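FYI, it's all coordinate maths here, none of it is from the lab. None of these values were measured; they are calculated from a predicted model. Because the Cβ atoms are built from the backbone with ideal geometry, glycine has one as well, and the counts that use them run over all protein chains shown.
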Amino acid sequence: MTTIPVIDFSKLDGEERAQTLAQISKGCEEWGFFQLVNHGIPVELLERVKKVGGECFKLEREEVFNKSRAVNLLNEFVESNKNGKVENVDWEDVFLLTDDNHNQWPSNTPQFKETMNEYRSEVKKLAERVLEVMDENLGLSKGYIKKAFNNNNNGAFFGTKVSHYPPCPHPEKVNGLRAHTDAGGVILLFQDDQVDGLQILKDGQWIDVPPIPNAIVINTGDQIEVLSNGKYKSVWHRVLSKPDGNRRSIASFYNPSLKATISPAPELLILEEKKVDQLIATYPTFVFGNYMNVYNEQKFLPKEPRFQAVAAI
Ligand code: OGA
Ligand code: NI
């Protein structure tokens, strides 16, 4: 059985630095997904994140989810004895935390805001460390990707998506989250300790991303694919709905500023040139905000038409 790489991030600072860099390189090139343990985010903080996450769902979200479009559509589907799957919906409760929407964060769960602020600041630091490792592995200057994600004074867009996948009475009839690749840069996922469901597509097969308590799952989105000129591919993934257990998943994405211009790194084009004697830019140059407009319409479709569409803008 193949399984996605599990990498001890603390070894980056010791004698095994070279091997650790190589493991991460392999994770990026061959898998698009890997899990980090000993990543430096205090376990004590992660325990508090789990606590406020669970409490917030019970206090502020469960009732809303029970009346949601997903629940209504599944009920109708079952009542009318339809075959197949409910379309265009995910069995997921979700809300987004950013620096700009503090006034919309859940406010009735004690310690939620404080804890999630603290978590977001830690996970953002980890994102920047991971990007620096990618800089190094790709042969780019330190800070290259971070800088590429900036636009003048607009820094990276850093968002945290808090999701729950409640137990589903008919898991075969609806997805937890439909298959997609992620739009942005690097995604850092703190998934449930026990309830699984996340799968990635590898060589034509869906493979589980098994829960490891307090690990952080890393994957790369479409923008890293462009920047690396296809060396690091964004990978299809999905979440299955499950009959038992309420799966928590907290996905933080470190994306370009909406105003940033994204293109393959020139250094990586030159390497291609040496190899095949011609300059290959497999990907277009575009403004990330334009890409997001396309993505919002086409999230659950293949990425190639998105690159074509944004190239034409
Ligand atoms: C996503 C995603 C996976 C999960 O939000 O893009 O893939 O486990 N989430 O919730
Ligand atoms: Ni995703």
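Table for the structure above
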item	result
Subset of segment 237-266 [of a type in the set (Ser, Thr, Tyr), away from ligand 1 (no atom under 12 Å from the Cβ) and surrounded by 23 or more Cβ atoms within 10 Å (Cβ to Cβ)]	Tyr254
Breaking point among (1) touching a helix residue (DSSP H, G or I) at 6+ places or on another chain (Cβ under 6 Å); (2) touching a residue at least 12 places away in the same chain (Cβ under 8 Å); (3) away from ligand 2 (no atom under 16 Å from the Cβ); (4) outside any helix (DSSP H, G or I), for Pro110	(1)
Qualifying positions in segment 209-228 - free of Cβ contacts under 8 Å to residues at least 60 places away in the same chain and either closer than 19 Å to Pro302 by Cα or within 13 Å of ligand 1 (Cβ to nearest atom) (or both)	Pro211, Gly221
Where Asp100 falls short, out of the listed (1) more than 22 Å from Cys56 (Cα to Cα); (2) out of contact with any Asp or Glu (no Cβ under 9 Å at 6 or more places or on another chain)	(1)
Asn137 vs. criteria over 23 Å from Trp236 (Cβ atoms) and in a helix (DSSP H, G or I)	no
Residues of segment 177-201 classified as within 15 Å of ligand 2 (Cβ to nearest atom) and either closer than 16 Å to Gln35 by Cβ or not hydrophobic (A, V, I, L, M, F, W, C) (or both), total	16
Lone unmet requirement of (1) touching a Leu at 6+ places or on another chain (Cβ under 6 Å); (2) part of a loop (DSSP other than H, G, I, E, B) for Gly40	(1)
Any pair with Cβ under 9 angstrom, 6 or more apart, that starts in segment 149-167 at a residue that is among the polar types (S, T, N, Q) and ends at one that is more than 13 Å from ligand 2 (Cβ to nearest atom) and part of a strand (DSSP E or B)	Asn151/Thr261; Asn151/Val287; Thr160/Leu96; Thr160/Leu97; Ser163/Asp93; Ser163/Phe95; Ser163/Arg247; Ser163/Arg248
